[in-house]
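J.: Supplied in structure tokens, the structure appears directly below.
The values are calculated or read from the model by the stated rules, or taken from the named source; none is laboratory data. Just so you know, these numbers come straight off a predicted model, no measurement behind them. Cβ placement follows ideal geometry from the backbone for every residue including glycine, while neighbour counts extend to all protein chains displayed. Ligands, DNA and RNA are excluded from the accessible area calculation, which covers all protein heavy atoms including side chains. Shrake-Rupley method; radii C 1.70, N 1.55, O 1.52, S 1.80 Å.
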Amino acid sequence: PPPCRSPRLVSHRGFDQDERSAPSAASFAALFDSGVSSFDIDLFWPAQGTAGGSQLFVGHPPTLRALWKLPADLPDTPLAELRAAAGGAGALLSLDELLSLLRARSWAARPQQPAATQPATTLELKYHTRPEWPAMLAALYGAVARSGLADQLGVVAEGRAGAAAHRAAQRAAKTRVPIFGLLRDVGARRDSAGRPHADLSALDADAALYDGWSVSVKLLDSDLVAAGGAHAKPLSVWVADGEAELEAAWRLGVESVITNRPRWASGVMARWRRQCERDGPWPQQPGPGG
């Protein structure tokens, strides 16, 4: 990487976990005001066939279900119950409301590089195994097309079938959004020390499906970064909430680092930039995965 270049800082889920427990319009506004303008966002829907069942909302489903002590999963819970559990009608942030907020802040949200490689905000539609998912994917791209923000957005897809479904939905909506392939550490090959590693052969084979990769920080190592570089496609690494993970992302030169603690991470990286400019670039290291 260029001397003293730090990764782009991305807020995981649209709030700072040191200050809040769930995303809201206020949490996004606070992050924008503090200089954070890139986000990695999960989307869900409430029970179909009920009022608001066709809408998409912002939030990580397992976290919200636990936080709100819901007996059923979010897509099995009517919107009225979700709002009551969240604390009222304004406590849930819809996708349309998020896109309006991003549009209003578009001067800050525009990435420094073309969206084909570095979108300002990435969206992941959860519950890809549920039968409602294709219809909700179409709703997602309908909202994206109406928003006029396709040049600032990306999506995260899991596996070949997920990537194909996203491309088909994009064609139907007549829009084009970069797709980032999801690389999980769960189920990954492990070495003799128990460290997980990405399947680089599969990454090479599937490279044409994606515009980049969204990678667990537990998989991060120099071989993975080299593989991404060989295809000239960026890596976004999640979730770096400690100095060891953040430092590995910096040293290995990944394009984006996703964190639940964006204010903390911003301060740490500002300190490291000053140190780097004073003492010179850090040498690369293998990373958490070896």
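J.: For region 164-290, take the convex hull of the Cα atoms, compute a quarter of its surface area, and give me that in nm², please.
T.: For the Cα atoms of region 164-290, the hull's average projected area reads 9.3 nm².
J.: Another question, then. Ignoring ligands, DNA and RNA, please state the percent of accessible area on region 213-283 from carbon and sulfur, probe 1.4 Å.
T.: Carbon and sulfur together cover 47 percent of it.
J.: Same structure again: Using a simple charge model, +1 on the beta-carbon of Lys and Arg, -1 on the beta-carbon of Asp and Glu, nothing else, what dipole does region 116-186 show about its Cα centre, in debye to the nearest 20?
T.: 240 debye
J.: If packing is taken as the average number of other Cβ atoms within 10 Å across a peptide's residues, how do 122-128, 19-25, 188-194 rank, most packed first?
T.: Highest mean packing first, the order is 122-128, 19-25, 188-194.
J.: Given q = 0.23, 0.25, 0.26 Å⁻¹, what are the Debye log10 I(q)/I(0) values for region 165-218, with equal point scatterers placed on the Cα positions and solvent ignored?
T.: Taking Cα atoms of region 165-218 as identical point scatterers yields -0.91, -0.99, -1.03.
J.: Now for a separate question. Diagonalise the Cα gyration tensor of region 129-220 and give the resulting equivalent ellipsoid semi-axes, square root of 5 times each eigenvalue, largest first, whole Å.
T.: Taking √(5λ) for each eigenvalue gives 29, 13, 11 Å, largest first.
J.: Helix 159-173 versus the longest principal axis of the chain: what angle, 0 to 90°, nearest 10, using Cα atoms?
T.: Between the helix axis and the principal axis of the chain, the angle is about 60 degrees.
J.: Can you pull the semi-axes for region 72-226, root of five times each eigenvalue of the Cα gyration tensor, sorted largest first, whole Å?
T.: 29, 21, 16
J.: Moving on. Working only with C-alpha atoms, what are the Rg and Dmax values of region 1-73, expressed in angstrom?
T.: 15.6, 55
J.: With a 1.4 Å probe and all protein chains left in place, how much accessible area per residue does region 177-290 have, in Å²?
T.: Accessible area per residue: 43 Å².
J.: Quick one: what does P(r) look like for the chain with 10 Å bins over all Cα pairs, in whole %?
T.: 6, 28, 36, 23, 6, 1, 0
J.: Give a residue-ordered list of calculated ³J(HN,Hα) values for region 250-256 (Karplus: 6.51 cos²θ - 1.76 cosθ + 1.60, θ = phi - 60°; whole Hz; x for Gly, Pro).
T.: 5, 4, 7, x, 5, 6, 9
J.: Which links in 126/174; 69/233; 174/233 stretch past 32 Å when you go from one Cα to the other?
T.: Flagged as over cut-off: 69/233.
J.: While we're looking at this one, here's another question. Under a point-charge model restricted to the Cβ atoms of Lys and Arg (+1) and Asp and Glu (-1), what is the dipole moment magnitude of the chain relative to its Cα centre, in debye to the nearest 20?
T.: With Lys and Arg at +1 and Asp and Glu at -1, about 460 debye.
J.: Calculate for the chain the 222 nm mean residue ellipticity that helices alone would give, adding -39,500 (n - 2.57) per DSSP H run of length 4 or more and normalising by residue count, nearest 500 deg cm²/dmol.
T.: -11500 deg cm²/dmol
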